[in-house]
Amino acid sequence: MVVEIKGQNKLTSFVFKVIWMVSVFNLLLSGLFLYMGEYVSGKEILSDSIGPSKDIDNKVILTENEVVTFVFKTEEPYSSSELLRIIIVDPGNIEHSWEKDFYGSTVGGSRGTERGAKDYFSFTPEVSGMHHIKISNADFQTDVKLVSGMVNPHERPFLLTTLFISFLVMSAGILSLKDGSIKEFIKSRRFSINGILNFCIALSISLVIVYNVVGL
């Protein structure tokens, strides 16, 4: 009977550690993709900047039904805003136009310490071929990148949900350190066989979750 209880406790502890580690990996991988999505998916087709006296006026080749994402960035240190005008003329001379609100960073400070702002805008070309793209009406220096086929993390409905649930699970695990199991695991200087097994299982599960949530 005692052996059975000990076995159940070991199994419970193993499952608990795996779940806790999955939540940690989910937070790290999903959070990383929020800021690195443009680098790990899609193909960059244009990189330029706009400002009060500079517009983007270029021609690029786009593919039918392959989503194109505009990535806007700025180091503007004040809570400024601008209303960018985006015009795209397709090979059939059909014009598409949008207006995009873009806000500067809400955190001021010296260069190198301020937090830059980033935003996205996506559209899907209806035909393949050369498209004329013009972006204008900028009020401050704004970097613009066009990425074809990029997975936009902000358009994934379950990404923020995954981040929130993972944060709750991780926090609950930290707050329920009754036997110090997680504390002992974190402070351990060497990996045991069980520790390596926990790590591999948790990372594999997390990769599957993030892969499906993000839609890579």
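The values are calculated or read from the model by the stated rules, or taken from the named source; none is laboratory data. Not measured: the values here are computed from a predicted model. Don't worry about glycine lacking a Cβ; one is built from the backbone with ideal geometry, like all the others, and counts go over all protein chains shown. What goes into the accessible areas is simple: the full protein's heavy atoms, side chains included, and nothing from ligands, DNA or RNA. Shrake-Rupley method; radii C 1.70, N 1.55, O 1.52, S 1.80 Å.
Restricting the first member to the range 199-216 and to residues that are hydrophobic (A, V, I, L, M, F, W, C), and the second to residues that are outside any helix (DSSP H, G or I) and at pLDDT below 85, the beta-carbon pairs closer than 7 Å and six or more apart or on different chains are 213/156; 213/158; 214/151; 214/156; 216/41; 216/151.
You will find that of 93, 58, the residue that is open to solvent by 70 Å² or more (accessible area, probe 1.4 Å) and of a type in the set (S, T, N, Q) is 93 and no other. Meeting the requirement of 3 or more residues that are hydrophobic (A, V, I, L, M, F, W, C), the strands (runs of 3 or more DSSP E) wholly within the range 46-109 are 56-62, 68-74, 81-89.
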